[in-house]
Structures are given as C-alpha cells and as structure tokens.
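Working notes for the structure below.
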Amino acid sequence: MKVLVTGGAGFIGSHLTERLVAAGHEVLVLDDMSSGRKANLEAAIATGRCRCVVGDIRDRAAVEAACDGREWVFHLAGRADIVPSIENPVTYFEVNVTGTLNVLEAARHHGVRRFIYAASSSCYGIATTFPTPETAPVQPEYPYALTKAQGEELVLHWAQLYGMPAVSLRLFNVFGPRARTSGSYGAVFGVFLGQRSRGLPLTIVGDGEQTRDFTYVTDVAAAFEAAAESSLTRRVFNVGSGGHYSVNHLANLLGGPRETIPKRPGEPDCTFADTTAIRRDLGWTPAVSFEEGVARMVEELPEWRSAPAWTPDTIADATKSWFRYLGSK
C-alpha cells in the first residue's frame, strides 16, 4: 500500500512507520518536527520505502499534497501533554481538532481506503468502571483530552456521513524507546528515566499506588496495522496491555532512591483498558510484558541523559497551572 503517517517522526509514529516498511508498504511521513525527530526514521528511510516531508497539519495545502495517491492514512500528528494544553488551549484546538479536519478532508478528496486515528484514553477522565470499556462516558478533564475526543468525533462523523472507512484507537499509557525526552513535564517514564540516568531520586506522586495500563509501543504499532488491514469502520477500540501496574512497581523495577511529591488533581487513580473488543474483532493481542518493556528501556538508559532532570521544585513550577485550574474544580 501507499501509506501516509502523520506524526510519523514521533515516538509512536516512527515505530508504526518501521513496521509498515518492514511489511513492504511505501510510507510517506508528514511531521512538523515539533516533537518528532528525523533520526527516528533513519532505519526506515534507509530501506528506500520511506520518505519524510516536514509540514504542519494546519497547512491544508501540505496535507492535500501528502494525501495525494495514498491508500491508507494513519493520523497520529497532534499536540500532547496536560499542562501545555491548559496554558495554550487555542493551539491544541487548532492542531488536534482543525488539523484533524484538514487530514480527514484531504483523505476524503483523495479517496483513501483506510483512515486510522490515534485517539486517547484520557477521554475517559476519571473513570469509574475497570477495566474501562469503550462504552464508558467520555468526560475529559483538560484541553488535551477534550481536543483528542473532538478529533475522534470528527473521524466517526466523517465515517458516518461520507462513508470514510475509519477506525479510532484509544491508546492507554504507551511506553518504549524514542519516547519524547524534551519539552514540558510529561509522562512518568520520561521523568523517571531522566532522573535514573543521573542518579536523582524518582519523584513518586502521592503514595505511588496509582496504577496505569502501560502498553509497549511496538504492540501499539501492531494494533494500528491490524486496524488498517481489517474491513471494519465507524469503530472505536481501546488499545491496552491487559493489565495495570503501580508507579511503585515501576520504581522498584528501575531501582534507586525516591521521594514523594503531592498528588495532582484531575488524575485518575487507575487506568485499565477493557480490550475485549480489539482482541475479538481485530485479533490483536499485546506481545511485550510490562517487565520486559521496562528492561528494554533500561538498556538504553544512557540515551535518557538528554531528558530534563526533573526535581520536586522544577516539577512544582511546571505544574502550577495544573493545580490552579484542575485543583479549583
């Protein structure tokens, strides 16, 4: 297939691109490089079956050109993280909602055969049912979650109205090599591995007993491919590991000293995907255990020295908006 991967130079996108290239597809990556890196695509480009174009999904002309002649579109481009979305909601709306609209319209104009959207499990907010099914209420807590949910609504509506053959995958807590190491305060793996690589204490939020459905990135890439190869449309699937693991368990696997920082408002105590539907309807099952995935990341520990050296003080400063707005609810 001739494939477009938006955000394909990023963390998840680059692993998906490698998988598609290995399967013999011809891949065009469109990425604005705001968080992606050309280095993530070196192996894929070296095969001669991958090409990367620097462009922004807010640029309709760039998106139209990228979709021309493509049969599958994987839409992973977007802005992530909680705090920047609180501080810059307009940018998040422009990229995650209007950008998604641009990609959908270009895909429709060029008659793509499959459209797969990277949605977020943050749409569930603070869930009350575990494992959480796709039928759980959508109740986002902050603009990142809201805009990703709105992007999903667009995808499903285009599938309903225009017959766009589309599937949305709600991703749970993806981890693995090439996770972003720079920029704003983000996911626990980037924080912990940056600290661990320098011998700093791991900053445990609250009592550390909160659990997350950590899903290894190559398994997530396999879920995207399975969705594209299926004939299903207008469907939403959770993508999770089948388990959930405490932050304390992760800290134990990484080792080293630790210290406690305050629990944050608007964060769930548990994320845990019900993956019944994707296992049944797409035949997808995760292959990499949590412990194996952590071990693989520890092997690359020296690379994490480029990550910010987060301390309780710098975290408190970076998350002021988080407490100000979510703490007032």
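Derivation of every value follows stated rules applied to the coordinates shown; laboratory data play no part. Quick caveat: nothing in here was measured; it's all calculated off a predicted structure. All Cβ positions, even for glycine, are placed from backbone atoms using ideal geometry, and neighbour counts span all protein chains on display.
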Q: Tell me which residues, restricted to region 278-317, are surrounded by fewer than 16 Cβ atoms within 10 Å (Cβ to Cβ), among the small types (Gly, Ala, Ser) and part of a helix (DSSP H, G or I).
A: 295, 306, 316
Q: For region 126-145, enumerate the residues that are polar (S, T, N, Q) and either part of a loop (DSSP other than H, G, I, E, B) or exposed (fewer than 15 other Cβ atoms within 10 Å of the Cβ) (or both).
A: 128, 129, 135, 139
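Of all residues in region 1-15 being assigned to a loop (DSSP other than H, G, I, E, B) and touching a Gly at 6+ places or on another chain (Cβ under 6 Å), which is nearest to residue 229 (Cα to Cα)?
To start, the set of residues in region 1-15 that are assigned to a loop (DSSP other than H, G, I, E, B) comprises 1, 7-10.
Next, only the ones that are touching a Gly at 6+ places or on another chain (Cβ under 6 Å) stay: 7, 9-10.
Working: 7: 20, 9: 22, 10: 22 Å.
Checking each candidate, the answer is 7.
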(Q) Of the residues 159, 179, 227, only one is in a helix (DSSP H, G or I), out of contact with any Pro (no Cβ under 8 Å at 6 or more places or on another chain) and within 25 Å of residue 20 (Cβ to Cβ); which? (A) 227
Q: Of the numbered conditions (1) surrounded by 15 or more Cβ atoms within 10 Å (Cβ to Cβ); (2) within 18 Å of residue 221 (Cβ to Cβ), residue 322 fails exactly one; give the number of that condition.
A: (2)
Q: Please specify each residue of region 151-195 satisfying the condition of being among the charged types (D, E, K, R) and surrounded by fewer than 21 Cβ atoms within 10 Å (Cβ to Cβ).
A: 153, 178, 180
Q: From (1) of a type in the set (D, E, K, R); (2) in contact (Cβ under 8 Å) with a residue 60 or more places away in the chain; (3) surrounded by fewer than 19 Cβ atoms within 10 Å (Cβ to Cβ), pick out the condition that doesn't hold for residue 207.
A: (2)
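Before we move on, is residue 212 closer than 17 Å to residue 271 by Cα and among the basic types (Lys, Arg)?
Numbers: closer than 17 Å to residue 271 by Cα: yes; among the basic types (Lys, Arg): yes.
In short, yes.
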